[in-house]
Amino acid sequence: GIEPDWRNTQWPGQLPGLDSGALDIAWGQASVTEEREREQYDMIPFYMAPLAVLVSEGNPHKITSFESMCGVTVGGSTGSVFEFYVGQANEKFCTPNGKPEITFKSFNGTEEVALSSGTIDAVIDAWPVLSTEAKGMKGVEAVKLSDADQFDSGLVGITFSKDEPKLSSAFSAALQQLWDDGVYQEILKKNKVPDATLV
C-alpha cells in the first residue's frame with residue numbers, strides 16, 4: 001500500500017544519497033561486496049551481473065578477461081568499484097609480469113562516446129547492462145570477463161542503510177514472494193536478460 005517516490009539518480013549520487021538520508025533505498029547497480037555489507041549497508045542481491053566489457057566490433061584488443069586487459073584503457077562510471085578492480089588486476093596480472101598496466105578513466109555516462117571516438121579501448125560494467133547496450137548500438141559487442149569472479153561477486157544488490165533493518169527485511173520478503181510466484185523470472189525474461197536470474 002506504499003507508493004514509492006522514484007528519483008532517477010546517477011551512480012555517483014546513489015550511495016551518498018543513502019548515507020545522507022536523502023534516499024531510503026539505492027536500487028541501481030551497486031555490486032554486492034563483503035566490505036560494503038560488513039561496514040556500511042544491508043544489501044539484498046536481486047540479479048546476477050557478471051562483469052563484462054563493451055568493445056568495438058571484432059574485439060580488436062582481444063579482451064576476454066582482466067588478465068588480457070594489460071596495456072589497454074578502460075572507461076567506467078565515476079565512483080564505481082570498477083576502478084578498484086582494475087587496480088587489483090594490475091597488481092595481480094600486469095605489474096608482476098612486466099606488462100603495461102590497465103589505465104582506468106572515469107566517466108559520468110559518456111563512456112560509449114569515448115569508446116566510439118577511440119579515447120578508450122573498452123567500457124567496463126555489468127553483463128546485463130552492456131549486452132543490452134550492444135543490441136542497440138552499431139559497431140560494438142559485449143564480452144564477459146572470464147576471470148571476473150576473482151574480484152567481484154557478480155551480484156547486484158538493492159542497498160539499505162543499516163539503520164533501517166525493518167525496511168530491508170520487508171523488501172527481502174517481498175522479493176522472495178515475487179520469486180516464489182515466478183514474477184521475478186518473468187520480469188527478467190521480458191527485459192531480455194533471463195541469464196541474470198539468481199539461482
Give, rounded to the nearest 20 debye, the magnitude of the charge dipole that region 86-127 has about its Cα centre when Lys and Arg contribute +1 at Cβ and Asp and Glu contribute -1 at Cβ.
160 debye
A 26 angstrom limit on the alpha carbon distance is what I want to check against. Which of Lys135/Lys190; Lys99/Lys144; Lys92/Lys135; Lys138/Lys190 exceed it?
Lys92/Lys135
Simple spin-label estimate for Asn97 and Arg38 in nanometres, 7 Å along Cα-Cβ:
2.8 nm
Compute the separation of the alpha-carbon centres of region 128-199 and region 34-86 and state it in Å as a whole number.
15 Å
Rounded to the nearest 10 Å², the 1.4 Å probe accessible area of Trp127 is 50 Å²
Please list Lys105, Lys92 from largest to smallest accessible area, probe radius 1.4 Å, with all protein chains kept in place.
Lys92, Lys105
HN-Hα J in Hz across region 99-104 - Karplus 6.51, -1.76, 1.60, θ = phi - 60°, x for Gly and Pro
9, x, 6, 6, 9, 10
Express in Å², to the nearest 10, the accessible area of Leu145 obtained by rolling a 1.4 Å probe over the protein heavy atoms while all chains stay in place.
10 Å²
Residue-wise, which Karplus ³J(HN,Hα) couplings in Hz belong to region 159-166, taking 6.51 cos²θ - 1.76 cosθ + 1.60, θ = phi - 60°, and x for glycine or proline?
10, 10, 5, 5, 7, 10, x, 5
HN-Hα J in Hz across region 139-151 - Karplus 6.51, -1.76, 1.60, θ = phi - 60°, x for Gly and Pro
x, 9, 8, 9, 10, 6, 8, 5, 10, 4, 5, 6, 10
Show the residues, 5+ positions off or on another chain, whose built amide H is closer than 5 Å to the amide H of Phe107.
Gly76, Ser77, Thr78
For volume of the Cα convex hull per residue in Å³, the listed values are (i) 140; (ii) 181; (iii) 129; which was obtained by calculation from the structure presented?
(iii)
Check which residues have an amide H placed less than 5 Å from Gly71's amide H, if you skip close sequence neighbours.
Glu101, Ile102, Thr103
Leaving out ligands, DNA and RNA, what percent of the accessible area of the chain is carbon and sulfur, probe 1.4 Å?
52 percent
With +1 on each Lys and Arg Cβ and -1 on each Asp and Glu Cβ, how big is the dipole of the chain about its Cα centre, in debye rounded to the nearest 20?
480 debye
Work through the residues other than Phe93 whose Cβ is under 13 Å from its Cβ and net out their charges, Lys, Arg +1 and Asp, Glu -1.
-2
Accessible-area ranking of Cys94, Cys70, largest first, probe 1.4 Å
Cys70, Cys94
What accessible area per residue comes out for region 91-199, rounded to a whole number of Å², with a 1.4 Å probe?
58 Å²
Could you tell me how many cubic angstrom of Cα convex hull volume region 1-63 has per residue?
160 Å³
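The values are calculated or read from the model by the stated rules, or taken from the named source; none is laboratory data. Note that the coordinates shown come from a computational prediction; the quantities given were computed from them, not determined experimentally. Here the Cβ is made from the backbone with ideal geometry for all residues, glycine too, and neighbour counts use every protein chain on show. Side chains included, ligands, DNA and RNA excluded: accessible areas come from the protein's heavy atoms. Shrake-Rupley method; radii C 1.70, N 1.55, O 1.52, S 1.80 Å.
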